[in-house]
1. One residue is enough: does region 53-68 have a residue meeting the conditions closer than 20 Å to residue 1 by Cα, more than 11 Å from the ligand (Cβ to nearest atom), without any contact (Cβ under 8 Å) to a residue 24 or more places away in the chain and part of a helix (DSSP H, G or I)?
2. Let me confirm something: among 72, 76, which residue is away from the ligand (no atom under 14 Å from the Cβ), touching a helix residue (DSSP H, G or I) at 6+ places or on another chain (Cβ under 8 Å) and more than 19 Å from residue 52 (Cβ to Cβ)?
3. Of all residues in region 26-45, how many are outside any loop (DSSP other than H, G, I, E, B) and farther than 17 Å from residue 98 by Cβ?
4. Considering region 26-51 alone, what residues qualify as being out of contact with any strand residue (DSSP E or B) (no Cβ under 9 Å at 6 or more places or on another chain), closer than 29 Å to residue 118 by Cα and either surrounded by 17 or more Cβ atoms within 10 Å (Cβ to Cβ) or free of Cβ contacts under 8 Å to residues at least 24 places away in the same chain (or both)?
5. State whether one or more residues within region 64-77 are within 21 Å of residue 110 (Cα to Cα) and within 14 Å of the chain's Cα centre (by Cα).
6. Please specify each residue of region 3-19 satisfying the condition of being more than 13 Å from residue 38 (Cβ to Cβ) and either within 16 Å of the chain's Cα centre (by Cα) or modelled with pLDDT under 95 (or both).
7. Please determine whether any residue of region 110-124 is surrounded by 12 or more Cβ atoms within 10 Å (Cβ to Cβ), at pLDDT below 95 and in a helix (DSSP H, G or I).
8. Considering only region 90-105, how many residues are within 11 Å of the ligand (Cβ to nearest atom), closer than 19 Å to residue 5 by Cβ and surrounded by fewer than 16 Cβ atoms within 10 Å (Cβ to Cβ)?
Ligand SMILES: [Zn+2]
């Protein structure tokens with residue numbers, strides 16, 4: 001990690017403080033091009049927007065997929081105040097962003113949060129009905 005990376009990471013931490021000051025969970029992120037130019041930045045708004053998906057990493061991954069061509073996305077780095085959660089990591093993978101740099105790891109975050117505030121997976125059942133469920137999928141990929 002370079003000094004430039006650390007400077008951009010400090011901006012993501014400032015955005016986390018902005019989120020907190022506005023009544024939201026304290027997480028912030030930004031996207032920077034290869035020369036360090038900030039392309040977009042955001043912070044968590046999950047409380048004020050009443051949207052459980054309003055994590056800055058997800059919002060920026062969606063922005064990148066919409067606004068950047070694939071080569072530009074691949075040359076773009078996300079700087080984020082905390083390691084992306086599973087939801088955001090999936091969106092980042094689909095966005096084509098080339099790199100993620102984070103401050104707190106999920107393990108470090110867990111030590112800072114009160115016990116019992118993490119997320120648990122919903123019980124899931126499956127697979128089932130393969131012969132029926134595969135029809136629209138096969139038609140799509142033909
Ligand atoms: Zn997330």
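The values are calculated or read from the model by the stated rules, or taken from the named source; none is laboratory data. Just so we're clear, the structure is a prediction, and the values are computed from it rather than from any experiment. Positions of Cβ are generated from backbone atoms using ideal geometry, with glycine treated the same way; all protein chains shown enter the neighbour counts.
1. Initially, region 53-68 is screened for residues closer than 20 Å to residue 1 by Cα, giving 57.
Remaining after also requiring more than 11 Å from the ligand (Cβ to nearest atom): none.
Scanning region 53-68 turns up no residue that is closer than 20 Å to residue 1 by Cα, more than 11 Å from the ligand (Cβ to nearest atom), without any contact (Cβ under 8 Å) to a residue 24 or more places away in the chain and part of a helix (DSSP H, G or I).
2. The match here is 76.
3. The initial filter retains those residues of region 26-45 that are outside any loop (DSSP other than H, G, I, E, B), namely 28-32, 38-43.
From what is left, the residues that are farther than 17 Å from residue 98 by Cβ are 28, 41-43.
Result for region 26-45: 4.
4. Within region 26-51, 45, 46, 49, 50, 51 qualify.
5. Checked region 64-77: no residue is within 21 Å of residue 110 (Cα to Cα) and within 14 Å of the chain's Cα centre (by Cα).
6. Across region 3-19, the qualifying residues are 13, 16, 19.
7. For region 110-124, residues surrounded by 12 or more Cβ atoms within 10 Å (Cβ to Cβ), at pLDDT below 95 and in a helix (DSSP H, G or I): present.
8. 0
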